[in-house]
Every structure is written in C-alpha cells, then in structure tokens.
Amino acid sequence: MAEEQKTPLYQRYNYDNIFNRSVIAGLLYLLNHKLTYEQVWDDNTVETVTVPFAYNFAHAKDQRFVQDNYTFFGRECFSDKFVDGKFDMCPRFMMTYTGSQIDAANITNRFVKGKYMKDENGVLTSYTAFMYSIPLSMTFDFEGWIDTLDTAFKIEQAIRDTFYKNQTFNVLYRGMKIGCRAGFPESYTTGEKTVSYSFEQDSQLIKMNFSLAVEAYQPCFDESMSIPSDKKIEHFAYDPDVFNGSVTPLTKQVKLKFKDFDTSRRYAVGETITLEWIAESNSSDVYTVLLYYITSDGDKHIIECINRDHHFYDWTIPANISNFVQPTITFINENIEVVEQPNVVVVPDSTGYVNSDSFVVIDPGKFNGSGYIQMSLEYLCTGKSGVKIHDGYIADVTPDGIKAIYYYKDLKNVPFVITNGKRLKYKKGSFGEEICIGITYPNNQKIMDEIRNVLII
C-alpha cells in the first residue's frame, strides 16, 4: 500500500510551535504594513512609501550581513551568483530581539481550561487541558539607515503615530490565536531616547535607533491532565462497591435509619425542619439516598434524591400539603408601624385552641419601634358562625422583627383594649394533614425507614 501523502496542513517543520518566532513574525508583518510615509516628487505625484523591516538573524551589526542577505537579486537574473558591488536600499531597518521578562505582577488566573492542537500520527487532534498563561514583556531594538533628514523626520513621526497608543496583532501558536500588543516601553534607562540619530562615516547615511516592547501571554498546558476535546463526561457513578474475600455481593449490607424525630408536635407549612439519618454499608460509602413523603390519600411525593449524602437535609414544608386555612393576622398599634410584613403561621394544639405556643415565625419582619403590639386573628368559620375576630394576642417586637407572641392572659398589665379575649378555636377535623416521611436506598428500595404520623398544619 502506498504511503499516504501528507497535505501541507499536516507537514511538520523544526520551526513549528516556537512562541518567540511567532511573535517576531507577527511584529514584522505589522511593521511592514503599518509604518508608511509620503514621498512628494512633484505637485501631482505623491508616493506612499512602506518602510521595509527585516529581522537580524545573526545579530550582526555590519553592513555586509545586510547586503548578503537582503540586497541581492534572484536566481533568474544571475544564476545563483550575487552581484558584485554595494546596494544601499534606503530607508531600511533591522529588528533585533533583545530578550523577554516575565511580568509576574499581571498574572491573573493561574489555571483555566484551554484547547490546543497536537499532531498524532500525522493528524491534528484538539486537546483540552489546564492552561497557565505566562505574561511576557518582549523587547526589540531597531536600527535603520535613511538617506535624507526629511525622510528620517517623516519616519520618526510615523513611528510615534503608529505606536504611541499601541498596536495589537494576533499570531498562531499550537492552533490557538494569541493576542499581542506592541508599543513603546513604559520605562527607559537614563540617557536613552525613544528615537536617536547618528551618521555613518563611510556611507554618509543617517542612522536611526528606537525600541519597542511587545506584551504577550505564552500558554503553558498541563499535559498530564489533557484529554481529547471530543470526549465528555456523560455520567457520574455513585456508590461503587468494593468487594474482597470477606465482603461479596451476597453479603453486602446497607443500613438506613432516621434519627429521633419529634412526632408529638405539629409542624407548619413553610417551616424548615431538619431530617437526620444514619447510613452505613460494609462495601461502599452510601452517597445516594431518596427522601419522600406520603399523604393520607396514599400519594407518594419525592422530596429530594441526594447524590452526596451528608446524613441530614433541611426540608421546607411545601404549602400544598395541608388544607388548613390560616387566619388573617393584623398588627394594631398607633405608635409602632410595620415596615416589612412578618410571616407568621398558626399551629393549634391537639384540641384546636390557639395558645401562646401556637405561633411559628417564618419571617420576623421589621418595625419602626420596640414594645408590645396587638394582633388580631380573623377566621372564617364554617356554618352560621361566620367571621370571628380574636384580638387577644400580643407580639413583643423590635425594629429587627418579632421576638415572641403571647396570649394576653399569659401577660400582666396589657395596655390594650381587648374586644374578644376568647382563644381562637378550630373545629376538630378541620385542620392538619398527617403524612409519613421516608428514606430509601435507590439501588435497593427494600432498604428504607419511615417516620409516621407527622402532623402538618
């Protein structure tokens, strides 16, 4: 079978994926397209000249290097032979890379997810890994030769126009687009100038020097954490069993049991209660449990399926469980006003009476003063009784809300006029819903425990 021919996209060279080389090439492209000036030949002829820039590969400072590498003609004219003599192309500039420095003060996110390309058997594959962006400040020195002083001034002006407010460009590195910013360095050593001039003794050319700084971020990937970008996590496995010689699937044991729960008191809808339990297994950590409740009509309702078991759950009792009709509560006091309405629910005792301990404060609200404030409970009775109003309940409040609520006979010297001091009473059977709260192990729902006869008002 003939060897598959690689397309240019998959060809690899020794100079691929060199960060400095990519930035240098990007800066050269920017300079050779952005830096221009106008050359006026006569009234009707104005030429826009693009200043040529070349890289100083050998860091040579002599003219011979420039002539041998940049000012010769091609093979078509001279059959691979250089032209004897001296060719001075003016203006021209050489760029020299002088080094880089890590700008540690600008390091932000140390590890973020990033994508890059990796060559695997001649095929480019996208990988995802944690990436560390290293902020770099790369400096470049430029040396140019110019024929006239007017041209030198024009080029200096063009340099200021182009780089005073920075120029941005993008380069390709490992399949990623890297943003770079070029501009004058923020600081110089004493005695140096942004642009300086001198005269070459031999050629009588004007020599110009200036410097630029490039801000870039080199991405570094943690190869040990890399995964192909087309792979994804679809499911998480919980409760993995670890079996050995003594514990087998046949001898696996899981235990679920609620801790002590007070079923003697009544709970109000909207109230948050804490459910606690014990979960044990001889082959794994029990991470998954299912909480539910069953109403008196036999319907089963899911509370929560917990995938990370902390052995407790704070459950806010939903309002649709109970058919109990809450009385309308009104706060009465000429000197204290309600700023934020409290949320108070009533939980009658087993005989149906509303006493001092029959109130559950869900939200204490806010008031503009402190002291006692009278509460009026308005309740619509069934039958011929109609609406009943009981104003014999007192709340002790502060600006931060209700502290406590009392039946007025439990206090002394109540400073309010009580028109109906009888305790509000609900008829038996007109309030409350008994439910059963349960917990089970989803992998084996025969393993379960329940709390029965929980009365919800």
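The values are calculated or read from the model by the stated rules, or taken from the named source; none is laboratory data. Since the structure is predicted, the reported quantities are computational estimates derived from the model, not experimental observations. As a convention, Cβ positions derive from the backbone with ideal geometry for all residues, glycine included, and neighbour counts pool all protein chains shown.
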* Name every residue in the stretch 223-241 that is part of a loop (DSSP other than H, G, I, E, B) and surrounded by 10 or more Cβ atoms within 10 Å (Cβ to Cβ), in order of residue number. => SER226, SER229, TYR238, ASP239, ASP241
* To do: Scan the stretch 136-160 and report the pairs whose first residue is part of a strand (DSSP E or B) and whose second residue is of a type in the set (Phe, Trp, Tyr), with Cβ atoms within less than 6 Å and a gap of 6+ or a chain change.
  => PHE140/TYR97; PHE142/PHE93; PHE142/PHE210; GLY144/PHE93
* Filter result (out of contact with any Asp or Glu (no Cβ under 9 Å at 6 or more places or on another chain) and at pLDDT below 90) within the stretch 316-334 -> ALA319, ASN320, VAL325, GLN326, ASN333, GLU334
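Yes/no per residue for (1) closer than 30 Å to GLY298 by Cα; (2) assigned to a strand (DSSP E or B):
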site	(1), (2)
ALA395	no, yes
ASN413	no, no
LYS422	no, no
CYS436	yes, yes
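Can you name the residue in the stretch 79-115 that is of a type in the set (Ser, Thr, Tyr) and modelled with pLDDT under 80 and, of all such residues, is nearest to ALA54 (Cα to Cα)? Talk me through it step by step, then tell me what you get.
Within the stretch 79-115, the subset of a type in the set (Ser, Thr, Tyr) is 79, 96-98, 100, 108.
Going one step further and asking which of them are modelled with pLDDT under 80, we end up with 79, 108.
Details: SER79: 24, THR108: 35 Å.
Restricting to residues being of a type in the set (Ser, Thr, Tyr) and modelled with pLDDT under 80, the top hit is SER79.
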* Please tell me if LYS366 is surrounded by 14 or more Cβ atoms within 10 Å (Cβ to Cβ) and among the basic types (Lys, Arg). => yes
* the stretch 31-74 - residue that is within 17 Å of GLN157 (Cα to Cα) and in a helix (DSSP H, G or I) and, of those, modelled with the lowest pLDDT -> LYS34
* To do: Only one of these is of a type outside the set (S, T, N, Q), under 30 Å from SER376 (Cβ atoms) and in a strand (DSSP E or B): ILE273, ILE302, ILE336. Name it.
  => ILE273
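For the stretch 317-338: of the residues being touching a Gly at 6+ places or on another chain (Cβ under 7 Å) and not aromatic (Phe, Trp, Tyr), which is surrounded by the fewest Cβ atoms within 10 Å (Cβ to Cβ)?
First pass over the stretch 317-338, keeping only residues touching a Gly at 6+ places or on another chain (Cβ under 7 Å): 317, 319, 322, 324, 335-336, 338.
Restricting the remaining residues to those that are not aromatic (Phe, Trp, Tyr) gives 317, 319, 322, 335-336, 338.
Values: ILE317: 21, ALA319: 12, SER322: 22, ASN335: 8, ILE336: 20, VAL338: 15.
My answer is ASN335.
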